[in-house]
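Novice: This is the structure, below, for whatever I ask next.
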Amino acid sequence: MDAAEFRKRGKEMVDYVADYLEKIEKRQVFPDVEPGYLRPLIADCAPQDPESFEDVFKDIEKIIMPGVTHWHSPYFFAYFPAASSFPALLADMLCGGIGCVGFSWASSPACTELETVMLDWLGKMVNLPEEFLAGKDGQGGGVIQGSASEATLIALLAARTKTIRRVQSEQPELTEAEIMGRLVAYASDQAHSSVERAALIGAVKIKNVPSDDTFSVCGSALKKVLDEDKAAGLIPFFFCATLGTTPCCSFDKLLELGPICNKENIWMHIDAAYAGSAFICPEFRHLLNGVEFADSFNFNPHKWLLVNFDCSAMWVKKRSDLIGAFKLEPLYLQHHHQESGLVTDYRHWQIPLGRRFRSLKLWFVLRMYGVKGLQEHIRKHVRLSHQFEHLVLQDERFEICAEVVLGLVCFRLKGSNELNEALLQSINDAKKIHLVPCHLREKFVLRFAICSRTVESTHVKFAWQHISQLATDLLKTWEQNHHQQ
C-alpha cells in the first residue's frame, strides 16, 4: 500500500468507524458466538501472496464483528466505562503515524515533554496538591501508565525498594532476603484483584483489611492489623487505598488512613481508577480529601474522561522514589541532556522500556472538550445512575445494596442469591443489555454501570423496563416451581 492508497483507504476506514459508532445501538450488545467460533472462519496459516485491502475489509463484518462485545453501545452497562471520543481516536491515529518509541527524552523530546505538561494539566483539574506536579522544578510529577494495575505494581515495587534500603540502613545485619520475607502490603477486602496480583509479582505478603458496613476501610481497622503484624515481627510497607471500588464504588477513608501510613513509614498508594475522573467536578472533589498524605495516586482517563484505552494517569510525590527503584543506564540509552535536570526519561517510571505517544490523546481531548465539557459528561452519567436508582426504589421487589455516589448502581431482587443469579442469566441471555455481578458480603448483587458516551435517559428507561419484565417472568416460574415442590 502506497501513500496514495493509504489516503483513500484511510478515509474509508474513518467512515467505517464513524458509521460503527453512530449506529452501534442497532447492534446486539453481546455476541452470539461460542468459544472457538473464529478459527474455522479463517485460513490455517498466513497467505503466501498479498491480499487486497477489499478482501481484508469485507472480513471485518464477516469474521470480527460477530465476536465483538460492543463496549460503546448505550446498552452496555457492565464493568466500568471504556472511554472513547472522536478527538481521542484522531490523536491515536497521529500517535500511530508518528510511531516514536518514547523511552527517553532524546528518543522523542515532544513525546516526553507533552506528557509531563499534560499530567500537570490533569493534576490541576483534579486539584492535586502542588507536590504531585512536575512544574518547572518540582520533585513530583505524573506519568501515563498502561493501566491502573501497572500503576499499583510500580508503586508497590518502588515502596519495596525504599523500605528495604531504609531497614538495611537501620539494621545492617539483616540481609535483603530476610527483610523481603517480613514485608507486608495491605488493601481493603473490596480492593481490585490487581492489588493482590501486584503483591504476587512483587513476591511479598499481602493482607486484606476488613471494610466497614459501607464497604470502606477506616483507620481503626488498618491500625488493628498493623499492630498485630508488627508484634509478630513483620514489616508493614505498603497500603493501597481504593477510591471507587470495583464491586460497589465505595471509598476508603483517606483522612483516617493517611496519617497512620505516614506515621508508620508505609507507602500509601491511591487507586481511583474509575472514580478519579469525577474529581474534576468541584462537587465530587471532597472524595479525594486526604490525597495530601499519599505517596502516589492513580486514575484512568481511559475509563471516564473520553480518552480511549490505554491512558492511566499516575502521580508521585517524589519521582526519585520511582527512578531509584528502576534506573538502569546502559550506554545505548544514554544521551547528553540526561543530567540537565530539565529532562525526564520515562523508562525509569514504568515496567516496559518502550512507550507510545499517549499524551497526544489527552492533549486533543482536554483542548477540544475543555474542562466544562468533560464535567458535563461526568455529571450526565451521574444523573443517569440516580435515575436508574430511583426506578429501582419504586419497585418494592428490589433493593439497593450500596450508596449510589457516581455512575454505578448495585441492586438485586429481595430474595436468595440463586434467584438473582437466575435474573442475571436471563438478562444476559436476552442480550438486549449487558450487566456483570459482584458479591457484597454474602449477597449476589447486580451492577448497573453507566458506560457509553452516547447513553441517554431513554436507554436507562428501556433497560429498567426490560429488567423489570424479566423479573416478573422469573418470579412467576419460581413461584410455580415452589408450589410444585
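Novice: Residue by residue through segment 211-234, note down the ones that are surrounded by fewer than 23 Cβ atoms within 10 Å (Cβ to Cβ) and among the hydrophobic types (A, V, I, L, M, F, W, C).
Specialist: 218, 221, 225, 226, 231, 232, 234
Novice: Can you find a residue that is closer than 22 Å to residue 435 by Cα, in contact with a Pro (Cβ under 7 Å, 6 or more places away or on another chain) and of a type outside the set (Lys, Arg) anywhere in segment 33-56?
Specialist: Filtering segment 33-56 for residues closer than 22 Å to residue 435 by Cα gives 33-35.
Filter again for in contact with a Pro (Cβ under 7 Å, 6 or more places away or on another chain), leaving 33.
Checking which are of a type outside the set (Lys, Arg) leaves us with 33.
The answer is yes, given that some residue of segment 33-56 is closer than 22 Å to residue 435 by Cα, in contact with a Pro (Cβ under 7 Å, 6 or more places away or on another chain) and of a type outside the set (Lys, Arg).
Novice: A follow-up question, please. Determine which single condition residue 84 fails, assuming it passes every other condition in (1) of a type in the set (S, T, N, Q); (2) more than 25 Å from residue 365 (Cβ to Cβ); (3) touching a His at 6+ places or on another chain (Cβ under 9 Å).
Specialist: (2)
Novice: Can you tell me which residues in segment 342-374 are at negative phi, part of a helix (DSSP H, G or I) and not hydrophobic (A, V, I, L, M, F, W, C)?
Specialist: Across segment 342-374, the qualifying residues are 346, 347, 348, 359, 361, 367, 369, 372, 373.
Novice: Could I ask something else about it? Which pairs do you get when a residue that is part of a helix (DSSP H, G or I) and polar (S, T, N, Q), found in segment 162-188, comes within reach of a residue that is open to solvent by 80 Å² or more (accessible area, probe 1.4 Å) and at pLDDT 95 or above, reach meaning Cβ atoms under 6 angstrom, with the pair 6+ apart or on two chains?
Specialist: none
Novice: What about residue 417, is it among the polar types (S, T, N, Q), touching a residue at least 40 places away in the same chain (Cβ under 8 Å) and either in contact with a strand residue (DSSP E or B) (Cβ under 9 Å, 6 or more places away or on another chain) or outside the structural domain of residue 275 (by the TED database) (or both)?
Specialist: It is false that residue 417 is among the polar types (S, T, N, Q), touching a residue at least 40 places away in the same chain (Cβ under 8 Å) and either in contact with a strand residue (DSSP E or B) (Cβ under 9 Å, 6 or more places away or on another chain) or outside the structural domain of residue 275 (by the TED database) (or both).
Novice: Would you check which residues across segment 168-184 are at pLDDT below 95 and open to solvent by less than 10 Å² (accessible area, probe 1.4 Å) and list them?
Specialist: 179 - this is the single residue of segment 168-184 that is at pLDDT below 95 and open to solvent by less than 10 Å² (accessible area, probe 1.4 Å).
Yes/no matrix, rows are residues, columns are (1) among the polar types (S, T, N, Q); (2) farther than 29 Å from residue 389 by Cβ; (3) in contact with a strand residue (DSSP E or B) (Cβ under 6 Å, 6 or more places away or on another chain):
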site	(1), (2), (3)
212	no, no, no
219	no, yes, no
225	no, yes, yes
235	no, yes, yes
253	no, no, no
278	no, no, no
292	no, yes, no
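Novice: Could you list, ordered by first residue, the pairs with Cβ atoms under 6 Å in which the first is in segment 111-138 and at negative phi and the second is among the acidic types (Asp, Glu) and surrounded by 19 or more Cβ atoms within 10 Å (Cβ to Cβ), at least 6 apart or interchain?
Specialist: As it stands, the answer is 133/120; 134/120, since those pairs meet every condition given.
Novice: Would you check if residue 285 is within 30 Å of residue 254 (Cα to Cα), at pLDDT 80 or above and open to solvent by 30 Å² or more (accessible area, probe 1.4 Å)?
Specialist: Yes: the conditions hold for residue 285.
Novice: Here is a follow-up. Here are the criteria: (1) in a loop (DSSP other than H, G, I, E, B); (2) surrounded by 11 or more Cβ atoms within 10 Å (Cβ to Cβ). Tell me which single one residue 36 does not satisfy.
Specialist: That leaves (2) as the condition not met.
Novice: Looking at segment 268-293, I want the residues that are under 21 Å from residue 146 (Cα atoms) and have a partner that is of a type in the set (Asp, Glu) and modelled with pLDDT of 95 or more with Cβ atoms under 7 Å, at least 6 apart or on another chain. Which pairs are those?
Specialist: Matching pairs, first to second residue: 268/295; 269/295.
Conditions (1) among the acidic types (Asp, Glu); (2) touching a helix residue (DSSP H, G or I) at 6+ places or on another chain (Cβ under 7 Å), marked per residue:
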site: 377; (1), (2): no, no
site: 385; (1), (2): no, no
site: 388; (1), (2): no, yes
site: 391; (1), (2): no, yes
site: 403; (1), (2): yes, no
site: 406; (1), (2): no, yes
site: 410; (1), (2): no, no
site: 413; (1), (2): no, yes
site: 419; (1), (2): no, yes
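The values are calculated or read from the model by the stated rules, or taken from the named source; none is laboratory data. Predicted model, so just to flag it, every value in this text is computed and none were measured. Cβ coordinates were reconstructed from backbone atoms using ideal geometry, including for glycine residues, and neighbour counts include every protein chain displayed. Heads up: the accessible areas ignore ligands, DNA and RNA and are worked out on the full protein's heavy atoms, side chains in. Shrake-Rupley method; radii C 1.70, N 1.55, O 1.52, S 1.80 Å.
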